[in-house]
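Asker: Here it is: the structure, laid out below.
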Amino acid sequence: MGCCGLIRLPWSTKTVYTSASVVAAALGVTRPIGVHSARSGEPMLRKPACPASRQATMETYLLDWANLLLRWLHVIVAIAWIGSSFYFVFLDSSLTPPQDEALKKDGVSGELWAVHGGGFYHPVKFNVSPPKLPEHLHWFYWESYSTWLSGFALFLVSYLWSPSVYLIDPNVMDWSPAAAITAALAFLVVFWFLYDAICRTLGQRENGDAQVGLLVLLLVCVASYAATQLFAGRAAFLLVGAMLATAMSANVFFWIIPGQRKVVAALKAGQPVDPIHGKRGKQRSVHNTYFTLPVLFAMLSNHYSFAYSHAYNWVVLIAIMFAGAAIRQFFVMRHGWKLGRNTHPWPYAAVGVMVLLALIVWMKPVPQAPVAVPDQVSMAQVQQIMEQRCVLCHGEALASKNVRLDTPMAIRQHAQTVYQQTVVTRQMPMNNATGITEEERALVAQWFRQGASLD
Ligand code: HEC
């Protein structure tokens, strides 16, 4: 028996990699560690405490910190990015022709008066470019880049670091961690290339926007379906979100900012400015607006197992993202409606809400045949279930989320969340990697309801 490496589940012959072993596994270096638990009824083989298990605990601890700090950062910078992006969409659609003659003469095409935080603001927009560039020009890109970088780092310390826990569901696709990681990364890259090719070839044509919109919608649907056929539901939803978010940041990095740089360079050189850069940038920026709500849903969805573990989870994903885009359209058009430029966009919101309501009805759980459970369920019974189905990821060697379920005291200490995770949200065992049965879930439920006692 070695110390750390991969763990084989005896009842399923599936290999679950502890996070420490992933790098080794990817390199083909696999060292088996002790058998963690045994077939139903057989006694557990306890692994002796060894330095490597302390190392694994330390690794989980540090990964948890990385996860917490990166998530914190990611949410903060994402708020800054989405916030400024929403603001500029609002600004652009709320501009009115300037009143002042001097502004008109300078080539101002729109202005806005606003009051905020005790001050009055008067932003103006120049048609193509101002007559003279100011010394200091503020650029908006770090919000986007830092959102992508922190998001990718977060994806790395969870999904890519422990692919067997997060990325792979053997019931969906039983493949090696290295293959799953490669496919996940390919998802982000391939989508960008296809999306970019669509925008480039059709974007500037007549009716180009509509054609691009339709094709991108189709592409997102195909990608969503493919993701759910390859990855664990939770990972599939997140990956589709990451894929769209990558395209959003790539839009900023490859098109919007370079286009702006060309405009600024032309202005500085006193050359005429080609309006194509502005048009292209605007097109990508509009796409980003419609990606926002779908991406945010996909990012949050991994806390909601009822959504990603549904039998038709790809339909759920596509429908909710579609509802998000429709609701965004409502908000974008409301600005124009306030200025009398278009009709009230309530039908968009109505469509979005109807889709969500339809999902609520369609996804409601079907009543299941009740599982017979004894009136009294003992701690010994529950402990046996934990040993078999949970300790693999919640024991001495690996304590996911710092939850250990390998002693009666520990099980009782976590009774509330164990009940939540196993019975209510059914999020645990993760991807049901350990094959818990309905009867076992019912036993845990009964034990909790009768007071989660130690006896
Ligand atoms: C294949 C590995 C694996 C198995 C098996 C597993 N878990 Fe987990 N568990 C995890 C991971 C990973 C997390 C952290 C989840 C996250 O980051 O959202 C976790 C988190 C938890 C949490 C904390 C949830 C929270 O957000 O506070 C509880 C409680 C839990 N698991 C209970 C169980 C129970 C009970 C079982 C057995 C019925 C079980 N787990 C089986 C991997 C597993």
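Read-outs throughout are calculated quantities, based only on the coordinates presented, and are distinct from any laboratory measurement. This one's a predicted model, so the numbers in the text were calculated from it and none came from an experiment. Reconstructed Cβ throughout: ideal geometry from the backbone, glycine too, with neighbour counts over all protein chains shown.
Asker: Restricting to DSSP loop positions (anything but H, G, I, E, B) with no more than 14 other Cβ atoms inside 10 Å of their own Cβ, which trypsin sites (Lys or Arg not before Pro) remain in region 85-144?
Answerer: Working: sites: Lys104, Lys105, Lys125, Lys132; in loops: Lys132.
Of the trypsin sites (Lys or Arg not before Pro), the ones in loops of region 85-144 whose Cβ has at most 14 other Cβ atoms within 10 Å are Lys132.
Asker: Taking the alpha-carbon centroid of each part, what is the distance from region 249-314 to region 330-409 in angstrom?
Answerer: Taking the Cα centre of region 330-409 as reference, the centre of region 249-314 is 29 Å away.
Asker: Specify the longest stretch of the chain that does not include any exposed loop site, a site being one of the GluC sites (Glu not before Pro) with a non-H, G, I, E, B DSSP assignment and at most 13 other Cβ atoms within 10 Å.
Answerer: Details: sites that count: Glu135, Glu206.
With a cap of 13 other Cβ atoms within 10 Å, the longest stretch comes to 207-455.
Asker: Can you pull out the trypsin sites (Lys or Arg not before Pro) in region 364-430 that DSSP calls coil and that have at most 15 other Cβ atoms within 10 Å?
Answerer: Here the sparse-neighbourhood loop sites are Arg426.
Asker: Still on this structure: So the label point goes 7 Å from the Cα of Leu68 along Cα→C-beta, right? Which residues of region 122-152 then have their backbone N under 13 Å from it?
Answerer: none
Asker: Something else: Placing unit charges on C-beta atoms (Lys and Arg positive, Asp and Glu negative, everything else neutral), compute the dipole magnitude of the chain about its Cα centre in debye, rounded to 20.
Answerer: Taking the Cα centre of the chain as origin, the dipole is about 580 debye.
Asker: A further question on this structure: Among Ser249, Ser164, which comes first, then next, by fewest other beta-carbon atoms within 10 Å?
Answerer: By the 10 Å Cβ count, ascending: Ser249, Ser164.
Asker: Between the helical axis of 438-449 and the dominant principal axis of the chain, each derived from Cα atoms, what acute angle in degrees is found, rounded to the nearest 10?
Answerer: 90
Asker: Just subtract the alpha-carbon distance of Trp346 and Asp209 from 0.36 nm times their residue separation and send over the number in nm, one decimal.
Answerer: 47.1 nm
Asker: Using packing as a proxy for protection, rank 144-156, 299-311 so that the peptide with the highest average count of other Cβ atoms within 10 Å comes first.
Answerer: 144-156, 299-311
Asker: Okay, next question. Using only the alpha-carbon atoms, how far is helix 51-94 inclined from the longest principal axis of the chain? Give it as 0 to 90 degrees, nearest 10.
Answerer: On a 0 to 90 degree scale, this one is about 30.
Asker: Find how much the distance from Tyr121 to Leu300 grows on full extension, using 0.36 nm per residue of separation minus their present alpha carbon separation; answer in nm with one decimal.
Answerer: Between Tyr121 and Leu300, full extension yields 61.0 nm more.
Asker: Lysine pairs in the chain 8 or more apart or on different chains: how many have alpha carbons under 15 angstrom apart?
Answerer: Value for the chain: 9.
Asker: Hey, another quick one. Assuming 0.36 nm per residue, please report the length gained on full extension of the stretch Glu438 to Arg261 beyond their Cα-Cα distance.
Answerer: 57.7 nm
Asker: Compute the helix-to-body angle for 379-389: its Cα long axis versus the longest principal axis of the chain, expressed 0 to 90° and rounded to tens.
Answerer: Around 60 degrees separate the two axes.
Asker: Distance from a point 7 Å along Cα→Cβ of Trp139 to each backbone N in region 73-87: keep the residues under 19 Å and list them by number.
Answerer: Residues 81-82, 84-85 fall inside that zone.
Asker: Please list the non-local residues whose amide H lies under 5 Å from the amide H of Gly110, H modeled 1.01 Å from N, same-chain partners needing a gap of 5 or more.
Answerer: Lys125
Asker: Label point 7 Å out from Gln229 along Cα-to-Cβ: which residues of region 277-316 have amide N under 14 Å?
Answerer: 313-315
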